[in-house]
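Step one of this worksheet: look at the structure below.
The values are calculated or read from the model by the stated rules, or taken from the named source; none is laboratory data. Small disclaimer: the values here were computed from a predicted structure and weren't measured. Every residue, glycine among them, receives a Cβ derived from its backbone with ideal geometry; neighbour counts consider all protein chains shown.
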Amino acid sequence: MNILGIETSCDDTSAAIYDGHCLKSNIVSTQIVHRHFGGVVPELASRNHIQMIVPVIREALEQAGLTFSGLEGIAVTQGPGLAGSLLVGLSVAKGLALSLGIPVIGINHLEGHIWSNRLDNSDLTPPFLVLLVSGGHTQLVRVDEWGKYRILGRTRDDAAGEAFDKVGKLLQVGYPGGPAVEKLAREGKADAHDFPRAFLEKDSLDFSFSGLKTAVLNQLRAHDEDWMLSRRKDIAASFQEAVVDVLAEKTLSAARKTGDRIVCIAGGVSVNQRFRERLSGAAHLENIQVFWPSPSLCTDNGGMIAAAGHFYLAAGKSSSLSLSPMPSLNFS
Ligand code: KG4
Ligand code: ZN
């Protein structure tokens, strides 16, 4: 069953073809226009999706060796995300489904991130634990079975990726901050600054990163720009270590609580190498297996949406053509 997956929730326009076994193509066009503004500008994002969505879908079909008539279903991100951006993907998906006479299904973007693990590991079977750590979300999710998810903990303020982006802005490394902060951190000392780690109440699986971001801001406010430029590698490394410590500790606490021996990581921050080392090392000591999707599947992509969509469409489920954006969609 060849499924076209469409993802336009934020600033990546992506389309992919998945047949239940093989990801035949996964094309991602990242909008660079936002870099000038230090963050995603919703109106520009929608306009860029409108320009790119058809060429990206055509390329996905071409790379998969298919034409439109070879498609058997369409999966599209319904939310969470920017309303205007979601609307572009949904409109194209519904128009195609109607003209081709095939079913369409709306997919929760967060569920898509979970399915990215399955694309890299066809044996992955619930139950397992997921740490979803992206620019918009940081949450621990129990996958009881495919399609059945329980949130065990979530951020009370900033998402981890958002904290990377905000600190990236303070350190003047441009947007998105995550990859650039990681690059700086590689040459810095992680113990140069003792930034706070918010573990919150005993037994809490929630996260909080706004205090850490404020600690970095206060440190920078106490000095001038030259000081920041001369110390930013150490600041980046110390900040990254604080985020990574909390993510790793909370994830292992959740696994101890549920008794799960398999933990999957999802979302853009899971590209971070220091996080991979830190969590994999600690998990190994406790006999917990950690799955990391390959970097191209960690960040937003149509492949993960196609994989989730394939599951539902193959089970006979689909959405009606009144499908509309749900910018605040979450689990449960
Ligand atoms: O999952 P994603 O592509 O989009 C959302 O759904 O948010 O995640 C993007 C987030 C951004 O905040 C970006 O800064 C962060 O993932 N990110 C990273 C790294 N690469 C991307 N954060 C830390 N280290 C990285 N290497
Ligand atoms: Zn995402």
Quiz item: Looking at region 39-136, what helices (runs of 4 or more DSSP H) fall wholly within it and have at least 1 residues that are within 16 Å of ligand 1 (Cβ to nearest atom), within 30 Å of residue 260 (Cα to Cα) and touching a residue at least 12 places away in the same chain (Cβ under 8 Å)?
Solution: 109-120
Quiz item: If you go through region 180-212 one residue at a time, how many are farther than 19 Å from residue 230 by Cα, among the basic types (Lys, Arg) and in contact (Cβ under 8 Å) with a residue 24 or more places away in the chain?
Solution: 1
Exercise. May I ask you to list the residues in region 284-303 that are more than 13 Å from ligand 1 (Cβ to nearest atom) and either free of Cβ contacts under 8 Å to residues at least 12 places away in the same chain or over 18 Å from residue 124 (Cα atoms) (or both)?
Key: 284, 285, 286
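Of everything in region 8-38, what is assigned to a helix (DSSP H, G or I) and either within 30 Å of residue 316 (Cβ to Cβ) or within 16 Å of ligand 1 (Cβ to nearest atom) (or both)? Give them in sequence order.
Of the residues in region 8-38, the ones assigned to a helix (DSSP H, G or I) are 33-37.
34, 35, 37 - these are the residues of region 8-38 that are assigned to a helix (DSSP H, G or I) and either within 30 Å of residue 316 (Cβ to Cβ) or within 16 Å of ligand 1 (Cβ to nearest atom) (or both).
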Quiz item: Scanning region 137-148 for residues that are farther than 16 Å from residue 259 by Cα and more than 14 Å from ligand 2 (Cβ to nearest atom), which turns out surrounded by the most Cβ atoms within 10 Å (Cβ to Cβ)?
Solution: 146
Quiz item: So which residues in region 9-25 are of a type outside the set (D, E, K, R), within 19 Å of the chain's Cα centre (by Cα) and more than 21 Å from residue 100 (Cα to Cα)?
Solution: 9, 10, 13, 23
Quiz prompt | Condition met for residue 5 (in contact (Cβ under 8 Å) with a residue 24 or more places away in the chain and either part of a loop (DSSP other than H, G, I, E, B) or touching a Lys or Arg at 6+ places or on another chain (Cβ under 8 Å) (or both)) | solution = no
Quiz item: Take the residues of region 286-332 that are surrounded by fewer than 19 Cβ atoms within 10 Å (Cβ to Cβ) and within 16 Å of ligand 2 (Cβ to nearest atom): which is modelled with the lowest pLDDT?
Solution: 331
Exercise. Consider residue 132 carefully, then state whether it is within 13 Å of ligand 2 (Cβ to nearest atom), hydrophobic (A, V, I, L, M, F, W, C) and at pLDDT 95 or above.
Key: yes
Quiz prompt | Residue check, residue 246 touching a Pro at 6+ places or on another chain (Cβ under 8 Å), aliphatic (A, V, I, L, M) and buried (at least 19 other Cβ atoms within 10 Å of the Cβ) | solution = no
Exercise. Report, by residue number, each residue of region 239-280 that is small (Gly, Ala, Ser) and within 10 Å of ligand 1 (Cβ to nearest atom).
Key: 266, 267, 268, 270
